[in-house]
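*Asks:* What follows is a single structure, and I will ask about it in a moment.
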């Protein structure tokens, strides 16, 4: 019989985002256990590691069973301190640094906080520029410099364009503009004129009518805008436009923002580089 | 002598974000090697795995030395297909799933694409709501519903408020408003009146004058706004306001967006839950 609850600590000398990301992937593979997750970032000294031990001991003393500790810790002393706890400790760095050191014939530098540390200033400015570009080209607010976009998402209102664009900018430094397709476009039967010079950069997001109606109802309950009938009409018309212009597209209904962004970058062959 | 270049493949049955995040952390520990990184997402069948093999073989045939392959692959057959390549294969999932299975006394479900798969609809809507809230409360555009913010960042223009807020919303589902501190506020010597009811939610971002001047110069070259002298003045005044109101703050100068966001959430004791 599996335990019903488990406490999982993500302990990192940096932000803990790496530990949490991989740890979360692993935990989703175990059904029927409720994981209480605790992230402890910036544990970069033996003292801070020692301060974690009572928290782990406290979790161990509950009915939840032995805690799990996932670590991304570079300093051997800090890591050893955590290892003295009664938890099952999974060490993400050490496990893979050793085979890599052997492969490269060199020692890892074991510098703390590299993974999400401040990168060099040029990289930072490029990322910030992508975010600013994306924000100022959200929802068709500006047609200026549309030619500078890496990709331009089109789709009906609330099809997921904005979160996807922001994610691409933040995570990958992509300049992602987005432009809504609205009833006027459907009546005219053509793309918004501002987009005509950039059809090769366009990528369409479509969505199931039920899902769209639910999302729109959160904003404007019981409006015509949110009605299933109107959602169906707009989606059908938008898909017709995408088809007519040969715009590649994907259906966002059952996809996460991460999956949508990854699919788009793959389809339009944009090289991605995670920050 | 270490090799000078290495090709690293991140091969995943999902988005590849987990593989890339952990892999990138590991690679930053090896200095003097230039890594050519290739992400291959959505490898969820033996056929797709087989299609990766020629690409790995091609990299192996170059002067760069044996490629590294980092995988997050759940299906054993898919994984075995990749293992047949001539690369050094580091398997992030299998390595840790086995000890977890032993610990929990149960088998992992080995369902593909869980980590960044579409989560349930309520979670999705909450995340989208956080993004929308954050966008509509960027740069003080709206004072409405400021009470609903989880945190409100304050600081001079270009101190990093917007990227940090967007990151907190996207990555952690935090409703993060931000409000600029401007010369009028400094002359008056008080916070913008709209913020007065919410002082306990405020968090200050400050920044080095040289860095701020550089960032502002990208936008408005050679303006008074971007001048080092003006940057120094604004920062000093903003810090004085933060101090006067007892607003916790951090200096963003040498920090990445991830580090700033993590520090804020830790300081204001907001529970974080990564998407």
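The values are calculated or read from the model by the stated rules, or taken from the named source; none is laboratory data. Because the structure is a prediction, the values reported are computed rather than measured. Positions of Cβ are backbone-derived with ideal geometry, glycine not excepted, and every protein chain shown enters the neighbour counts.
*Asks:* For segment A:53-64, state whether one or more residues are part of a loop (DSSP other than H, G, I, E, B) and facing another protein chain (nearest Cβ under 9 Å).
*Replies:* Residues of segment A:53-64 that are part of a loop (DSSP other than H, G, I, E, B), as a first pass: A:61-64.
Applying the additional criterion that residues be facing another protein chain (nearest Cβ under 9 Å) yields none.
The answer is no, given that none of the residues of segment A:53-64 is part of a loop (DSSP other than H, G, I, E, B) and facing another protein chain (nearest Cβ under 9 Å).
*Asks:* Is it the case that some residue within segment B:108-118 is modelled with pLDDT of 90 or more, closer than 27 Å to residue A:129 by Cβ and within 27 Å of the chain's Cα centre (by Cα)?
*Replies:* no
*Asks:* Those residues that are in a helix (DSSP H, G or I), more than 7 Å from chain B (Cβ to nearest Cβ) and within 17 Å of residue A:110 (Cα to Cα), I need them from segment A:1-48; list them, please. So that I can check it myself, show each step before the final result.
*Replies:* Within segment A:1-48, the subset in a helix (DSSP H, G or I) is A:17-27, A:46-48.
Next, only the ones that are more than 7 Å from chain B (Cβ to nearest Cβ) stay: A:19, A:23, A:27, A:46-48.
Matches in segment A:1-48: A:19, A:46.
*Asks:* Let me ask something else about it. Condition first: closer than 30 Å to residue B:35 by Cβ, surrounded by 13 or more Cβ atoms within 10 Å (Cβ to Cβ) and in contact (Cβ under 8 Å) with a residue 24 or more places away in the chain. Can you find one or more residues in segment A:217-233 that meet it? Even if it seems obvious, please write down each step before you answer.
*Replies:* At the first step, the residues of segment A:217-233 found to be closer than 30 Å to residue B:35 by Cβ are none.
So far as segment A:217-233 goes, no, none of its residues is closer than 30 Å to residue B:35 by Cβ, surrounded by 13 or more Cβ atoms within 10 Å (Cβ to Cβ) and in contact (Cβ under 8 Å) with a residue 24 or more places away in the chain.
*Asks:* Let me ask something else about it. Tell me the residue from B:204, B:147 that is under 26 Å from the mean Cα position of the chain (by Cα), touching a residue at least 24 places away in the same chain (Cβ under 8 Å), surrounded by fewer than 16 Cβ atoms within 10 Å (Cβ to Cβ) and over 20 Å from residue A:163 (Cα atoms), please.
*Replies:* Working: B:204 fails: surrounded by fewer than 16 Cβ atoms within 10 Å (Cβ to Cβ).
Testing whether each residue is under 26 Å from the mean Cα position of the chain (by Cα), touching a residue at least 24 places away in the same chain (Cβ under 8 Å), surrounded by fewer than 16 Cβ atoms within 10 Å (Cβ to Cβ) and over 20 Å from residue A:163 (Cα atoms) leaves just B:147.
*Asks:* Name the single residue that is farthest from residue B:58 (Cα to Cα) among those in segment B:79-112 being more than 8 Å from chain A (Cβ to nearest Cβ) and in a loop (DSSP other than H, G, I, E, B).
*Replies:* By that ranking, first place goes to B:107.
*Asks:* Return yes or no: is residue B:192 farther than 29 Å from residue B:17 by Cα, surrounded by fewer than 18 Cβ atoms within 10 Å (Cβ to Cβ) and assigned by TED's automatic domain parsing to the domain that holds residue B:143?
*Replies:* Values: farther than 29 Å from residue B:17 by Cα: yes; surrounded by fewer than 18 Cβ atoms within 10 Å (Cβ to Cβ): yes; assigned by TED's automatic domain parsing to the domain that holds residue B:143: yes.
Against the criterion (farther than 29 Å from residue B:17 by Cα, surrounded by fewer than 18 Cβ atoms within 10 Å (Cβ to Cβ) and assigned by TED's automatic domain parsing to the domain that holds residue B:143), residue B:192 qualifies.
*Asks:* Of these, A:4, A:84, A:55, A:36, which one is under 18 Å from residue B:266 (Cα atoms), exposed (fewer than 15 other Cβ atoms within 10 Å of the Cβ) and touching a residue at least 24 places away in the same chain (Cβ under 8 Å)? Before the answer, list the steps.
*Replies:* Numbers: A:4 fails: under 18 Å from residue B:266 (Cα atoms); A:84 fails: under 18 Å from residue B:266 (Cα atoms); A:55 fails: exposed (fewer than 15 other Cβ atoms within 10 Å of the Cβ).
The conditions single out A:36.
*Asks:* Pairs under 8 Å by beta carbon, first residue over 18 Å from residue A:130 (Cα atoms) and more than 9 Å from chain A (Cβ to nearest Cβ) in segment B:248-263, partner at pLDDT below 95 and surrounded by fewer than 19 Cβ atoms within 10 Å (Cβ to Cβ), six or more apart or different chains?
*Replies:* Every condition considered, the pairs that remain are B:248/B:267; B:248/B:268; B:250/B:267.
*Asks:* Right, next: Residue under question is residue B:180, and the condition is that it be surrounded by fewer than 16 Cβ atoms within 10 Å (Cβ to Cβ) and in the same structural domain as residue B:135 (by TED's automatic domain parsing); does it hold? Talk me through it step by step, then tell me what you get.
*Replies:* Working: surrounded by fewer than 16 Cβ atoms within 10 Å (Cβ to Cβ): no; in the same structural domain as residue B:135 (by TED's automatic domain parsing): yes.
No: the conditions fail for residue B:180.
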